[in-house]
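Below is one structure, written out as structure tokens, with a few remarks after it.
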């Protein structure tokens, strides 16, 4: 017994000495971005290549007992164009509001063949204290309405409108420019897509609309009502009202300055459209959020003994419908010995050429230089910190810009045509729908199985510390025994100051097997047992001991 005790404590001493002598020479990289507000669009116009429809009278899709209505699935193909610019100056509407519409030019053909024109809209303003929503007054940007919101008619599904307004207009004959009906109410929404194959979504509780800004819809409605809400059909129209729908209009921003955050949505891969859906599309949603990231690139060639790490990470973003996600910890994936010096699927790397035809990373992204790249394991949480998906693969790149001014991905796979302007760096944060073996495994809680966030105009600082003492003998002493082991092994560690301790066991691929300790502990010596079950195959495992956020890894050898 004395001999076993002697050798066990000798190994504790040896490990503590080796820890205290680790001087990390690598580089630290820090990157941040903070965009708390959603992108707001200042105008919209139709695209000549897209379809225009008229919604004809018919039973309400959401309440078929109501008939006829402008909220039916009775749709007629039409033609037309439109353009307008809005100014949402006062967040709360009132008679003194300065909200306005300009550059109005709306043309469309009714089902009777008559061509209509609208070239002026005067905004309706609500009484003082009527609220900050634009229902029946003012101009609003990024407003959730309809459905069960209590705002707007519940005969439309719950949706968000990028631009919404209520006003008065003159409906004109486009050929003669004569007024057909004067001072008519007009409601206009440039909204998220609420129709699939032109069939209206019926969900009034959950916003299931498509937030792809390239797949929006513009609704222009002249209802058969007067300002008091009484029935008042529009003269000169075939059925007393007009409801026109323009597909895939262009949303315009007056303040596009490359300081935004977006979510890349499912869609055909730009580099290979036959692959769909993918996280490498031109389908983009506006979002808001912030992140901070500090990484340490210590070992140029990654291995299970690598000291590369994410020193600090904090990611928070919010979708337009208010759903929030956060990530506050990343454990770096480390590759097997001899797997190479590139960080694809392991480690932390700085200034790496990848993607495109490099053979490194997916060929569905253009050839690019990534200033910072990492692969790790993380927990995806909601805005309250509750775990939605644990132990998910995460890939992050602080990279050269690979999208054009209108957010279209550069399609070049052979030439690195990305923009190296320091003011136009992009950060991509991707949680793929794959497990560590590359098998399909959707990420729970994300709605479409993965996440791909893109921050524009991000900061980046790289430093080269002369020496960083990762651990010292006054911090921790640790050993695992027996090792190799069969049924169980004991991990013993000693700390001389109170610290936040995490002891977790991983397999050779970096997948978590079990967390043994996760708590704040006072100074002392601790023992924790790890027992293998029959499902664990023989082989190499690792325990990661983290003290106040500083990790070290020990090797475990399981024998059968």
Calculate the length of the line joining the C-alpha centroid of region 61-87 to that of region 294-309, in whole Å.
57 Å
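Highest mean first, how do 61-67, 30-36 rank when packing is the count of other Cβ atoms within 10 Å averaged over residues? Intermediate results must be reported in sequence, preceding the final value.
Numbers: 61-67: 13.7, 30-36: 17.0.
Ranked from most to least packed, the peptides come out as 30-36, 61-67.
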The exposure ranking of 481, 262, fewest beta-carbon neighbours within 10 Å first, is 481, 262
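Computed from the mean reciprocal separation of all distinct C-alpha pairs, what Kirkwood hydrodynamic radius does the chain have, in Å?
Working: mean 1/r = 0.0370 Å⁻¹.
With all distinct Cα pairs of the chain included, I get 27.0 Å.
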Counting pairs of alpha carbon atoms under 8 Å apart in space and at least six apart in sequence, what relative contact order in percent does the chain give?
12 percent
Region 43-251: relative contact order as a whole-number percent, Cα under 8 Å and 6+ apart
19 percent
What are the semi-axes of the equivalent ellipsoid for region 38-89, taken as the square roots of 5 times the Cα gyration tensor eigenvalues, largest first, in whole Å?
29, 17, 9
Take residue 50 and residue 272, extend 7 Å from each Cα along the Cα→Cβ direction, and tell me the distance between the two endpoints in nm.
2.9 nm
In degrees, nearest 10, the alpha-carbon axis of helix 2-20 is tilted away from the dominant principal axis of the alpha carbons of the chain by 50 degrees
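Calculate the FRET efficiency for residue 555 and residue 421 from the Cβ-Cβ distance with a Förster distance of 51 Å, rounded to the nearest 0.05. Kindly include the intermediate steps, with their values, before the conclusion.
Working: r = 45 Å, r/R0 = 0.87.
With R0 = 51 Å, the Cβ-Cβ based efficiency is 0.70.
Would you please put 314-322, 511-519, 278-286 in order of how densely packed they are, using the mean number of other Cβ atoms within 10 angstrom per residue and starting with the highest? Intermediate results must be reported in sequence, preceding the final value.
Numbers: 314-322: 18.3, 511-519: 13.4, 278-286: 21.8.
Ranked from most to least packed, the peptides come out as 278-286, 314-322, 511-519.
Over its Cα atoms, what ratio of radius of gyration to 2.2 N^0.38 Å does region 102-164 give?
Working: Rg = 14.7 Å, N = 63, 2.2 N^0.38 = 10.6 Å.
Working it through for region 102-164, the quotient is 1.38.
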How large is the Kirkwood hydrodynamic radius of region 285-324, counting all unique pairs of alpha carbons, in Å?
12.5 Å
Give the value in nm², to one decimal: projected area of the alpha carbon convex hull of region 207-297, averaged over all directions.
11.9 nm²
Could you work out how far apart the two model spin labels at residue 507 and residue 259 are, taking each label as a point 7 Å from the Cα in the direction of the beta carbon, and quote it in nm?
4.7 nm
At R0 = 60 Å, how high is the FRET efficiency between residue 516 and residue 176 if r is their beta carbon distance? Nearest 0.05 is fine.
0.15
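Go through 196-203, 92-99, 323-330 and give me the packing order, highest mean Cβ count within 10 Å leading. Kindly include the intermediate steps, with their values, before the conclusion.
Values: 196-203: 13.1, 92-99: 15.6, 323-330: 18.4.
With the highest mean Cβ count within 10 Å placed first, the list reads 323-330, 92-99, 196-203.
Which semi-axis lengths, in whole Å and largest first, follow from the square roots of five times the eigenvalues of the Cα gyration tensor of region 222-357?
After diagonalising the Cα gyration tensor, the semi-axes are 51, 19, 12 Å.
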At 222 nm, what value in deg cm²/dmol follows for the chain if DSSP H runs of at least 4 each add -39500 (n - 2.57) and the sum is divided by all its residues, to the nearest 500?
-1000 deg cm²/dmol
Percent RCO, i.e. relative contact order, over region 57-146, from Cα pairs under 8 Å lying at least 6 residues apart:
23 percent
Long-range alpha-carbon pairs in region 43-251, meaning those over 23 Å apart, account in percent for 41 percent
In nm, to one decimal, how far is the modelled label at residue 227 from the one at residue 120, with both set 7 Å along Cα→Cβ?
1.6 nm
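Every number here is computed from the coordinates shown, using simple stated rules; none is lab data. Source: prediction; values computed, not measured. Here Cβ is always computed from backbone atoms with ideal geometry, including for glycine, and neighbour counts include all displayed protein chains.
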